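Student: Pasting a structure below so you can have a look.
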Amino acid sequence: MDTSLALVRHGQTDWNLAGRLQGQTDIPLNETGREQAREVGRKLIGQDFSLILTSPLARARETAVLIAQQIGAETGNAVPELIERGFGPLEGRIMAEVSDEESAAAADQIEPRAHILNRAVPALLGLASKHAGRKIMIVSHGATMRTIRDALAGTRQAQGVENGEIIDVDLARLEQLAGESDLVAF
């Protein structure tokens, strides 16, 4: 079997429901999020994922456990490099209530997309190497996954990443990204 990586966004939290920016704040899943995780697991039955890894945040870890229970996969250690983007002073705020001025004032305290790529791309390649020949799922977060997805595609896409959405990682393209001197953050 060839090595395969996929990312899945954690299930819904109460902060997602309220439109609140979570970032690296450790918020648990709500019941809808738990059901979303179980549903992802049901969709993955028979797809041969043998290992589910996760960001260190509780919402991702719980999603991973619920998926693993559905498909009989093992779970492994947290992958800190796949944590959500840090949003600094905007974490906990309802996004629709943050003015353009507030967002601009906080810009230097928000983790740059290039930083996300510089931590995530090598981590993903390391996981592919370490777990060669396996199908691996990594539970991560919306902004982190969007940054990776857009960099792999070479363009910034308008839509975000939904709770429970799965993104297959093109390992050849990931290696190309890693080889670029400056990772371009879309």
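Student: Need one number: % antiparallel among DSSP beta bridges in the chain, to the nearest 5. Spell out each step's value before the answer.
Tutor: Numbers: 6 of 19 bridges.
Of the beta bridges lying entirely in the chain, close to 30 percent run antiparallel.
Student: Another question, then. From the backbone phi of the stretch 33-44, what are the Karplus-calculated ³J(HN,Hα) couplings (6.51 cos²θ - 1.76 cosθ + 1.60, θ = phi - 60°) in whole Hz, Gly and Pro given as x?
Tutor: x, 5, 5, 4, 5, 4, 5, 4, x, 4, 5, 8
Student: Provide the per residue accessible area, probe 1.4 Å, for the chain, rounded to a whole number of square angstrom.
Tutor: Values: 8680 Å² over 186 residues.
Here the residues of the chain average 47 Å² of exposed surface.
Student: Continuing with this model, one more query. Got a sec to turn the phi values of the stretch 75-90 into Karplus ³J(HN,Hα) couplings, 6.51 cos²θ - 1.76 cosθ + 1.60 with θ = phi - 60°, whole Hz, x for Gly and Pro?
Tutor: Once rounded to whole Hz, the list reads 10, x, 5, 5, 10, x, 5, 9, 5, 5, 4, x, 10, x, x, 7.
Student: OK, next. From the phi angles alone, apply the Karplus equation (6.51, -1.76, 1.60; θ = phi - 60°) to the stretch 149-156 and give each ³J(HN,Hα) in whole Hz, x where the residue is Gly or Pro.
Tutor: Running phi through 6.51 cos²θ - 1.76 cosθ + 1.60 with θ = phi - 60° gives 4, 5, 5, 5, 7, x, 7, 7 Hz.
Student: What translational diffusion coefficient, in µm²/s and rounded to a whole number, does the Stokes-Einstein relation yield for the stretch 54-164 at 20 °C and a viscosity of 1.002 mPa s, taking the hydrodynamic radius as the Kirkwood radius over Cα pairs? Write out the running numbers ahead of the final one.
Tutor: Details: Rh = 15.5 Å.
This corresponds to a translational diffusion coefficient of 138 µm²/s.
Student: Now a separate question. Report the label-to-label distance for ALA6 and ALA172 in nanometres (one decimal), using points 7 Å from each Cα along the Cα→Cβ vector.
Tutor: 2.0
Student: OK, next. Return the label of the correct value of volume of the Cα convex hull per residue in Å³, as calculated from the structure shown, out of (i) 151; (ii) 106; (iii) 136.
Tutor: It is the value labelled (ii).
Student: Could you sort LEU127, LEU174 by their accessible area in this structure, using a 1.4 Å probe and putting the largest first?
Tutor: On the way: LEU127 20, LEU174 0 Å².
Order by accessible area, largest first: LEU127, LEU174.
Student: Using a 1.4 angstrom probe on heavy atoms only, work out the carbon and sulfur share of the accessible area of the stretch 75-149 in %. List each step's numbers first, then the result.
Tutor: Working: 1750 of 3360 Å².
Within the stretch 75-149, the accessible surface is 52 percent carbon and sulfur.
Student: Would you please give the residues with an amide H less than 5 Å from that of VAL169, counting only those at least 5 places away or on a separate chain, with H modeled from the backbone geometry?
Tutor: LEU5, ALA6, LEU7
Student: Give the distance, in whole Å, between the Cα centre of the stretch 1-70 and the Cα centre of the stretch 111-129.
Tutor: With the stretch 1-70 and the stretch 111-129 each reduced to a Cα centre, they are spaced 19 Å.
Student: If you stretched the chain out fully between ASP14 and ALA158, how much longer would it get, using 0.36 nm times the residue separation minus the C-alpha to C-alpha distance? If you can, show how the numbers build up before the last one.
Tutor: Working: separation 144, 0.36 × 144 = 51.84 nm, distance 2.39 nm.
Net length gain for the segment: 49.4 nm.
The values are calculated or read from the model by the stated rules, or taken from the named source; none is laboratory data. Just so it is clear, the model here is predicted, and its values are computed rather than measured. No Cβ is skipped: glycine too gets one built from the backbone with ideal geometry, and neighbour counts run over all protein chains shown. For accessibility, only protein heavy atoms count, side chains too; no ligands or nucleic acids. Shrake-Rupley method; radii C 1.70, N 1.55, O 1.52, S 1.80 Å.
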